[in-house]
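Report on the following structure.
The values are calculated or read from the model by the stated rules, or taken from the named source; none is laboratory data. Note that the structure is predicted; figures quoted are calculated from it, not measured. Cβ sites come from the backbone with ideal geometry, for glycine too, and all protein chains shown count toward neighbours.
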Amino acid sequence: MPTVRDILNSARDEIANAGIESPRLTAELLLAEVLGCARSELAAHGDVAVTDAQVARLEGFLQRRLRREPVDYIVGSREFYGRRFIVRPGVLIPRPETETIVEICKKRLPRDFAGVALDLGTGSGCLAVTLALEFARLRMIALDVSVDALRVAAENAGALKARVALVCSNWLAAIRRAPVADLIVANPPYVDAADKPGMQPEVRDFEPAVALFGGEGGGTATTRALLPEIRARLRNGGLAAVEFGAGQGAELADAARAIGFTDVELARDLTGLERVLVLRP
């Protein structure tokens, strides 16, 4: 029987020959999932034999990756803010830059914050669940138009024991147009549709377009349409944090001021890029 080391090296070479980046890391992640162990344990078990069934499962994973399916969909999970979240095709894969919203909330809200929070377009539920766990008294409502996404968010809330109410809604349509929320967070689609041909196939061909593309003309159309709806539902003294794409900050800040937000900030992510529109009425 082939060993862990044999299979790992073979998988790495197959991925590298296909021109896919990070072949060693990818091979380790896929094999660790097959073996049911941590990636860090592979080196210590290099001489352990791999069964035919495990080889077959890994080959299935490899074929999916060679078709450029994201590793996170293949293994079915992604880490976000130190926690493991279930992800499946149909929900956006959580990104590290979205963790900026969590950091903003932790800096600007007391730990015993007990207000009503809305997460718009929750997807996997990574923001809603994380905030519900970081703020134990938070009353979190997560909204998404996709029933499939809400199912994944429900699984994540259950697995991580987070108190999150889930609502099927096209953005804020299900929430009455009145000041009802103390916190509103969102990671709306903000990629310019004109950029689609040049995107990585992992993103362009596999992640849900509805969660990626914010329209033509810079990709800000969805966010600009959301801002008045957020303003109408945010209580005085409340906080909103909305993720945006590179180069969109100035336009969105102007749009927010034009509809009555008096406290507008552009917060940077860990790479130093402007990433989140922080708003107070």
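Exactly one of these conditions fails for Ala114: (1) within 30 Å of Ala181 (Cα to Cα); (2) in contact with a Lys or Arg (Cβ under 7 Å, 6 or more places away or on another chain); (3) part of a helix (DSSP H, G or I). Give me its number.
The failed condition is (3).
Can you confirm whether Gly60 is in a loop (DSSP other than H, G, I, E, B) and either more than 24 Å from Pro179 (Cα to Cα) or assigned by TED's automatic domain parsing to the domain that holds Ala27 (or both)?
Answer is no for this residue.
Mind checking which residues of region 146-177 are in contact (Cβ under 8 Å) with a residue 60 or more places away in the chain, assigned to a loop (DSSP other than H, G, I, E, B) and more than 25 Å from Ile104 (Cβ to Cβ)?
The one that is in contact (Cβ under 8 Å) with a residue 60 or more places away in the chain, assigned to a loop (DSSP other than H, G, I, E, B) and more than 25 Å from Ile104 (Cβ to Cβ): Ser146.
Could you list all residues from region 228-246 that are surrounded by fewer than 22 Cβ atoms within 10 Å (Cβ to Cβ) and either basic (Lys, Arg) or farther than 21 Å from Glu99 by Cβ (or both)?
Pro228, Glu229, Arg231, Ala232, Arg233, Arg235, Asn236, Gly237, Gly238
Give me the residue from region 151-208 that is over 13 Å from Gly123 (Cβ atoms) and of a type in the set (S, T, N, Q) and, out of that set, surrounded by the most Cβ atoms within 10 Å (Cβ to Cβ).
Once the filter is applied, the top-ranked residue is Ser169.
Sort through Ala114, Ala53 and tell me the only one that's surrounded by fewer than 15 Cβ atoms within 10 Å (Cβ to Cβ) and either modelled with pLDDT under 95 or in contact with a Phe, Trp or Tyr (Cβ under 9 Å, 6 or more places away or on another chain) (or both).
Answer to the check: Ala114.
List, please: which pairs have Cβ atoms under 9 Å, are six or more places apart or on different chains, and start with a residue in region 183-206 that is within 30 Å of Pro110 (Cα to Cα) and in contact (Cβ under 8 Å) with a residue 60 or more places away in the chain and end with one that is among the charged types (D, E, K, R) and part of a loop (DSSP other than H, G, I, E, B)?
From residues that are within 30 Å of Pro110 (Cα to Cα) and in contact (Cβ under 8 Å) with a residue 60 or more places away in the chain, the pairs are Asn187/Arg95.
Of all residues in region 13-42, how many are of a type in the set (Asp, Glu) and without any contact (Cβ under 8 Å) to a residue 40 or more places away in the chain?
Residues in region 13-42 being of a type in the set (Asp, Glu) and without any contact (Cβ under 8 Å) to a residue 40 or more places away in the chain: 4 in total.
If you go through region 101-124 one residue at a time, how many are among the small types (Gly, Ala, Ser) and within 24 Å of Leu266 (Cα to Cα)?
Residues flagged as among the small types (Gly, Ala, Ser) and within 24 Å of Leu266 (Cα to Cα) within region 101-124 amount to 4.
Given the criteria over 21 Å from Glu265 (Cα atoms), touching a residue at least 40 places away in the same chain (Cβ under 8 Å) and among the acidic types (Asp, Glu), does Glu97 qualify?
no
Could you go through region 19-41 and let me know if any residue there is among the acidic types (Asp, Glu), over 13 Å from the mean Cα position of the chain (by Cα), surrounded by 16 or more Cβ atoms within 10 Å (Cβ to Cβ) and in a loop (DSSP other than H, G, I, E, B).
Looking for residues that are among the acidic types (Asp, Glu), over 13 Å from the mean Cα position of the chain (by Cα), surrounded by 16 or more Cβ atoms within 10 Å (Cβ to Cβ) and in a loop (DSSP other than H, G, I, E, B), one finds none in region 19-41, hence no.
Check off (1) in a helix (DSSP H, G or I); (2) free of Cβ contacts under 8 Å to residues at least 40 places away in the same chain; (3) not assigned by TED's automatic domain parsing to the domain that holds Arg151 for Ala132 and give me the number that stays unchecked.
Checking Ala132 against (1) in a helix (DSSP H, G or I); (2) free of Cβ contacts under 8 Å to residues at least 40 places away in the same chain; (3) not assigned by TED's automatic domain parsing to the domain that holds Arg151, the one that fails is (3).
For the list (1) of a type in the set (Lys, Arg); (2) in contact with a helix residue (DSSP H, G or I) (Cβ under 6 Å, 6 or more places away or on another chain); (3) assigned to a helix (DSSP H, G or I), I need the number of the one condition that Arg68 fails.
Result: Arg68 fails condition (3) only.
Condition test on Arg88, is it basic (Lys, Arg) and in a loop (DSSP other than H, G, I, E, B)?
In short, yes.
Just one of (1) surrounded by fewer than 17 Cβ atoms within 10 Å (Cβ to Cβ); (2) in contact (Cβ under 8 Å) with a residue 40 or more places away in the chain; (3) within 27 Å of Glu274 (Cβ to Cβ); (4) over 16 Å from the mean Cα position of the chain (by Cα) trips up Cys105, so point out which.
(1)
Test Ala241 against the stated conditions and say whether it is of a type in the set (A, V, I, L, M) and touching a strand residue (DSSP E or B) at 6+ places or on another chain (Cβ under 9 Å).
When the stated conditions are applied, Ala241 passes them.
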